[in-house]
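These notes concern the structure reproduced below.
The values are calculated or read from the model by the stated rules, or taken from the named source; none is laboratory data. Everything numeric in this text was worked out from a predicted model, so none of it was measured. Cβ atoms come from the backbone with ideal geometry, glycine included; neighbour counts cover every protein chain shown.
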Amino acid sequence: MNVELQINNSANPTARFVAWAPSPCRIRVTNPSGATTPTVNVQITGTSVAGGGAVVFRSTTTGPFSDSLTVPVPINGTSVPFFVAGRFGRPSVNAGDVTIEARTGTTLVGSVQVMVRVRKNANTLIPGERDRFVSAFAQLNNQGAGRFADFRDMHTAVSSPQAHGAPAFLPWHRAYLLDLERELQAIDPSVSLPYWRFDQPAPNIFTPEFLGVSDTIGTVQFSATNPLQFWRTDGVQGINRRPFFSTAAAPPGLRTEAQTLALGNRYRAFRTMEGNPHGSAHTSFGGSISSVPTAARDPLFFLLHCNVDRLWARWQRQFGRFDPAQTASYDSNPGTPIGHNLPDTMWPWNGITGGTRPPTAPGGALAASPCVSAPGSQPQVRDCLDYQGTVNAVSRMGFDYDDAPFA
Amino acid sequence: MAEQRKAAQRSTAAGKPKRPAQRSARSALLIATDAKKTVKQRVAAMAEAPLAVCENDANLQAMLKVLRDNEEPVEVRLAALQALQAASFSVVAFASCRGDYIATLRAVVEDANPELRQRVLGILAREKDGFAQQKLLEGLQDPAKALVPPEKALQLLSYDVHADAYPVARAIVSQPPNATARREALRLLAADASSAPLFEKILRDKDEAPEVRQISAAVLQATRPETLQAHAREMLLDPSEQDEMQAVSLTALAQFGNAAALANDAALLHRIDQLSGEQSTRVQQSARQFLSKYGR
């Protein structure tokens, strides 16, 4: 007998990625030979390579997760649903380092390899994870001629009002990071965007093998094996970044995570983090990252913003602020500019130009994912709040943070 | 500009509720701009002040005054600059402050403090400010007028290269005041298509420092990728080539090469197989990565 396991309800191998939020899956008998009853009990378990990820299961949309699940599966080929999630605290380090196995008795009747893919602290990545990320990013940029040019053009002084100084600061950047991450995953599906936890020392980020070491004038140096040595944006060769702090320590004067999460239990209070720590993290350097028009030229920008988004995710979990219908989850008022209200579509993914929108909309629609359908190709602000599908399972955006469990 | 600011003030006064974070930013700004407080208190307060900078003209002018005033402790002036920069990230709110901000930055580019000069020129250069670009260029042409060292001036000019910077950059490549200035002149010339032969020459010159050869490889990969790929292949096949440049060549081929052509290049694969057993960890690591990618 054989069964087929579909992860994220897809037979496509590129959909075999899970995070902390449960992924809908299904199992069906594809070859019933040997079966003697109309239904067989199939036990589903996960096995991990040493140091790899781990998964847990449940049979319905709610209830506790367990290490294994026994599912009665009809031999007539009808699919049976179940759910898989990464075991919190056990993310993968490589694609396919977890195998989901299906057995009848002791006989293996089907298996698939999956990855528990979550966003991790960049300072703690192992060399393989770091190198895959750097390589994918260098290829996305392709010395300034690649798809990354669109991401630079999305974050400029002209487009800034779409993304800054108003309530959609956090949702806009969540969509922006997700778009970039999906493009990186199209190059290497095992990659996720790491975050720079700027309230802690992160010496492993500022090395020749990762995001480079700044010399005294702020020109960033890379090792000969680091593909970021070929970085080029807008005709500018290399990266300029001059830290005003020792990179063995955290920048001074930034709100800590605890202080940021304590800004208040309403989004309106929390979003003031756009100034400190967000703005202060940018200006703890000289160089591209410290000015709006040039900030996105530096790959560190995306790690900085990934941490900003992580802080929002942790704040959302702390106060249960995933539901757009709850007033405390967002800052809505009649004077809010277009692009910053919950039902507004966001530029540039909506393709709207002119008027209160910028004159061009680079990059087209938001990249699709083989694992999830949200937030859609032209997301509204409201689509970016329930990122784990806590309120509505179909809102799951397909990313998680290593330290923000499923709510 | 003043009209815009007044409109912004009216909007603020028009009954938006006072939020705790804004109240705390206003208090911080008062401390930050109060010369009677200690330097430590003022620097710490500057970090919390950005939210209040553009709330009204008085706040903005108080911050700009600190930045301009050379009687103020430089730590406080640098912190004020950082706070203004952080405030500038809220582009809409900052729009009404921007004119006075840029004017103040221009006013302090010749400040006695070199760190302040450098930071201010950096901000203006990233804004493609013509005034700052002119000052930087004049300093390169006449060292008596230099506001920052030549290497820094070249680096800042590279944010928005104009052809009038090329002659001075070429002159510095030929007769550099120091190695860093030469490197920055080369980075600036990366935008100049006519400099490709110079980069090819440096790339293949084993007497050049690996750092400038590495830059030359990066520039050529961006501007003439086929040329760089051909040089990288030759450099790998050359047993007398520097380890560092063999690692650079391997990285260029592995990342940006033509996969089909590389996988069928028997001589190259044989050579990389040899390199995978080399003493140099850097070369060994790159060679192994290359071979794992191209199926050997």
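Say whether the condition of being part of a strand (DSSP E or B), within 21 Å of A:Pro189 (Cα to Cα) and modelled with pLDDT of 95 or more is met by at least one residue in segment A:60-71.
No; the residues of segment A:60-71 include none that is part of a strand (DSSP E or B), within 21 Å of A:Pro189 (Cα to Cα) and modelled with pLDDT of 95 or more.
Kindly establish whether A:Ala407 is modelled with pLDDT under 95 and more than 23 Å from A:Ala11 (Cα to Cα).
Details: modelled with pLDDT under 95: yes; more than 23 Å from A:Ala11 (Cα to Cα): yes.
In short, yes.
Can you tell me which residue within segment A:226-250, out of those that are part of a loop (DSSP other than H, G, I, E, B) and over 21 Å from A:Ala149 (Cα atoms), is farthest from the other protein chains (Cβ to nearest Cβ)?
Taking segment A:226-250 as the starting set, the residues that turn out to be part of a loop (DSSP other than H, G, I, E, B) are A:226, A:231, A:234-235, A:238-239, A:244-250.
Filter once more, so that each one left must be over 21 Å from A:Ala149 (Cα atoms): A:244-250.
Numbers: A:Phe244: 8, A:Phe245: 11, A:Ser246: 16, A:Thr247: 17, A:Ala248: 20, A:Ala249: 16, A:Ala250: 13 Å.
Per the criteria, the residue is A:Ala248.
Do you know which residues across segment A:1-42 are surrounded by fewer than 16 Cβ atoms within 10 Å (Cβ to Cβ), polar (S, T, N, Q) and not in a helix (DSSP H, G or I)?
A:Asn2, A:Asn9, A:Asn12, A:Thr30, A:Asn31, A:Ser33, A:Thr36, A:Thr37, A:Thr39, A:Asn41
Scan B:Asp164, B:Asp243 and give me the residue that is more than 12 Å from every other protein chain (Cβ to nearest Cβ) and not hydrophobic (A, V, I, L, M, F, W, C).
Working: B:Asp243 fails: more than 12 Å from every other protein chain (Cβ to nearest Cβ).
Only one candidate qualifies: B:Asp164.
Given the condition facing chain B (nearest Cβ under 7 Å) and either under 28 Å from A:Leu140 (Cβ atoms) or in contact with a strand residue (DSSP E or B) (Cβ under 9 Å, 6 or more places away or on another chain) (or both), answer yes or no: does some residue in segment A:294-307 qualify? Outline the logic, then answer.
Initially, segment A:294-307 is screened for residues facing chain B (nearest Cβ under 7 Å), giving A:294.
Add one more test, that the residue is either under 28 Å from A:Leu140 (Cβ atoms) or in contact with a strand residue (DSSP E or B) (Cβ under 9 Å, 6 or more places away or on another chain) (or both), and what stays is A:294.
Yes, there is a match, as at least one residue in segment A:294-307 is facing chain B (nearest Cβ under 7 Å) and either under 28 Å from A:Leu140 (Cβ atoms) or in contact with a strand residue (DSSP E or B) (Cβ under 9 Å, 6 or more places away or on another chain) (or both).
I need a count of the residues in segment A:355-373 that are more than 22 Å from the chain's Cα centre (by Cα) and within 30 Å of A:Arg268 (Cβ to Cβ). Working first, answer last.
We begin by selecting, within segment A:355-373, every residue more than 22 Å from the chain's Cα centre (by Cα); these are A:355-361.
If we keep only those that are within 30 Å of A:Arg268 (Cβ to Cβ) as well, we get A:355-358, A:361.
Total meeting the criteria: 5.
Name the residue that is surrounded by the most Cβ atoms within 10 Å (Cβ to Cβ), counting only residues in segment A:214-225 that are at the interface with chain B (Cβ under 7 Å from one of its Cβ atoms) and of a type outside the set (Gly, Ala, Ser).
Here the answer is A:Thr219.
Please verify whether B:Ser174 is without any contact (Cβ under 8 Å) to a residue 12 or more places away in the chain, surrounded by fewer than 15 Cβ atoms within 10 Å (Cβ to Cβ), more than 9 Å from chain A (Cβ to nearest Cβ) and at negative phi, treating the condition exactly as stated. Let's see the steps before the verdict.
Values: without any contact (Cβ under 8 Å) to a residue 12 or more places away in the chain: yes; surrounded by fewer than 15 Cβ atoms within 10 Å (Cβ to Cβ): yes; more than 9 Å from chain A (Cβ to nearest Cβ): yes; at negative phi: yes.
Criteria met by B:Ser174.
Kindly establish whether A:Gly279 is over 19 Å from A:Met154 (Cα atoms) and facing chain B (nearest Cβ under 7 Å).
Details: over 19 Å from A:Met154 (Cα atoms): no; facing chain B (nearest Cβ under 7 Å): yes.
In short, no.
Can you confirm whether A:Arg103 is over 30 Å from A:Val29 (Cβ atoms) and surrounded by fewer than 21 Cβ atoms within 10 Å (Cβ to Cβ)?
Values: over 30 Å from A:Val29 (Cβ atoms): no; surrounded by fewer than 21 Cβ atoms within 10 Å (Cβ to Cβ): yes.
No; evaluated as a whole, the condition is false for this residue.
Evaluate segment B:49-60: report whether one residue or more is under 26 Å from the mean Cα position of the chain (by Cα), surrounded by 15 or more Cβ atoms within 10 Å (Cβ to Cβ) and at pLDDT 95 or above.
Scanning segment B:49-60 turns up no residue that is under 26 Å from the mean Cα position of the chain (by Cα), surrounded by 15 or more Cβ atoms within 10 Å (Cβ to Cβ) and at pLDDT 95 or above.
From the list A:Gly110, A:Gly96, pick out the single residue that is assigned to a loop (DSSP other than H, G, I, E, B), among the small types (Gly, Ala, Ser) and in contact (Cβ under 8 Å) with a residue 60 or more places away in the chain. Walk me through it before giving the result.
Values: A:Gly110 fails: assigned to a loop (DSSP other than H, G, I, E, B).
The conditions single out A:Gly96.
Looking only at segment A:118-145, count every residue that is within 10 Å of another protein chain (Cβ to nearest Cβ) and outside any helix (DSSP H, G or I) and tell me the total.
The total comes to 1.
Can you spot a residue in segment B:182-190 that is touching a residue at least 24 places away in the same chain (Cβ under 8 Å), crowded, with 20+ Cβ neighbours inside 10 Å and more than 12 Å from chain A (Cβ to nearest Cβ)?
Yes.
Being in contact with a helix residue (DSSP H, G or I) (Cβ under 7 Å, 6 or more places away or on another chain), basic (Lys, Arg) and within 12 Å of another protein chain (Cβ to nearest Cβ) is true for just one of A:Arg266, A:Arg321. Which residue is that?
Numbers: A:Arg321 fails: within 12 Å of another protein chain (Cβ to nearest Cβ).
Among A:Arg266, A:Arg321, only A:Arg266 is in contact with a helix residue (DSSP H, G or I) (Cβ under 7 Å, 6 or more places away or on another chain), basic (Lys, Arg) and within 12 Å of another protein chain (Cβ to nearest Cβ).
Quick one: count up the residues across segment B:221-240 that are of a type in the set (A, V, I, L, M, F, W, C) and facing another protein chain (nearest Cβ under 10 Å).
Counting residues in segment B:221-240 that are of a type in the set (A, V, I, L, M, F, W, C) and facing another protein chain (nearest Cβ under 10 Å) gives 2.
Of these, A:Arg271, A:Arg197, which one is among the basic types (Lys, Arg), within 30 Å of A:Ala328 (Cβ to Cβ), under 22 Å from the mean Cα position of the chain (by Cα) and assigned to a helix (DSSP H, G or I)? Step through it out loud before you land on a result.
Working: A:Arg197 fails: assigned to a helix (DSSP H, G or I).
Criteria check complete, one pass: A:Arg271.
Quick one: is A:Val158 under 24 Å from A:Val49 (Cα atoms) and outside any helix (DSSP H, G or I)? Steps first, answer last, please.
Values: under 24 Å from A:Val49 (Cα atoms): no; outside any helix (DSSP H, G or I): yes.
In short, no.
Within segment A:102-117, can you find the residues that are more than 21 Å from the chain's Cα centre (by Cα) and either of a type outside the set (Gly, Ala, Ser) or within 14 Å of chain B (Cβ to nearest Cβ) (or both)?
Of the residues in segment A:102-117, the ones more than 21 Å from the chain's Cα centre (by Cα) are A:102-112.
Matches in segment A:102-117: A:Arg103, A:Thr104, A:Thr106, A:Thr107, A:Leu108, A:Val109, A:Val112.
Please work out which residue is modelled with the lowest pLDDT, limiting yourself to segment B:191-201 and to residues that are more than 12 Å from every other protein chain (Cβ to nearest Cβ) and closer than 24 Å to B:Gln141 by Cβ. Write out each step before concluding.
Going through segment B:191-201, the residues more than 12 Å from every other protein chain (Cβ to nearest Cβ) turn out to be B:194, B:196-198, B:200-201.
Retained after the next criterion (residues that are closer than 24 Å to B:Gln141 by Cβ): B:194, B:198.
Working: B:Ser194: 94, B:Leu198: 97.
The qualifying residue modelled with the lowest pLDDT is B:Ser194.
Just to be sure I understand, how many residues within segment A:292-341 are among the aromatic types (Phe, Trp, Tyr) and touching a Ser or Thr at 6+ places or on another chain (Cβ under 7 Å)?
Step one: filter segment A:292-341 for residues among the aromatic types (Phe, Trp, Tyr), giving A:301-302, A:312, A:315, A:319, A:322, A:330.
In the following step, the residues that additionally are touching a Ser or Thr at 6+ places or on another chain (Cβ under 7 Å) were identified as A:322.
Qualifying residue count, segment A:292-341: 1.
Being over 30 Å from A:Ile217 (Cα atoms), in contact with an Asp or Glu (Cβ under 9 Å, 6 or more places away or on another chain), of a type outside the set (Val, Ile, Thr) and away from every other protein chain (no Cβ under 14 Å), is that true of even one residue in segment A:330-341?
no
Quick one: which residue in B:Ala80, B:Ala86 is at the interface with another protein chain (Cβ under 8 Å from one of its Cβ atoms), assigned to a helix (DSSP H, G or I) and within 27 Å of the chain's Cα centre (by Cα)? Working first, answer last.
Values: B:Ala80 fails: at the interface with another protein chain (Cβ under 8 Å from one of its Cβ atoms).
Within the list B:Ala80, B:Ala86, the selection yields B:Ala86.
Select, from B:Gln155, B:Gln133, the only residue that is within 10 Å of chain A (Cβ to nearest Cβ) and either in contact with a Cys (Cβ under 6 Å, 6 or more places away or on another chain) or not basic (Lys, Arg) (or both). I'd like the intermediate steps shown before the answer.
On the way: B:Gln133 fails: within 10 Å of chain A (Cβ to nearest Cβ).
Among B:Gln155, B:Gln133, only B:Gln155 is within 10 Å of chain A (Cβ to nearest Cβ) and either in contact with a Cys (Cβ under 6 Å, 6 or more places away or on another chain) or not basic (Lys, Arg) (or both).
Specify the residue that is surrounded by the most Cβ atoms within 10 Å (Cβ to Cβ); the eligible residues are those in segment B:104-161 that are modelled with pLDDT of 95 or more and of a type in the set (Val, Ile, Thr).
The residue in question is B:Val120.
Report, by residue number, each residue of segment A:58-82 that is closer than 22 Å to A:Arg396 by Cα and of a type in the set (A, V, I, L, M, F, W, C).
Within segment A:58-82, A:Phe65, A:Val80, A:Phe82 meet the criteria.
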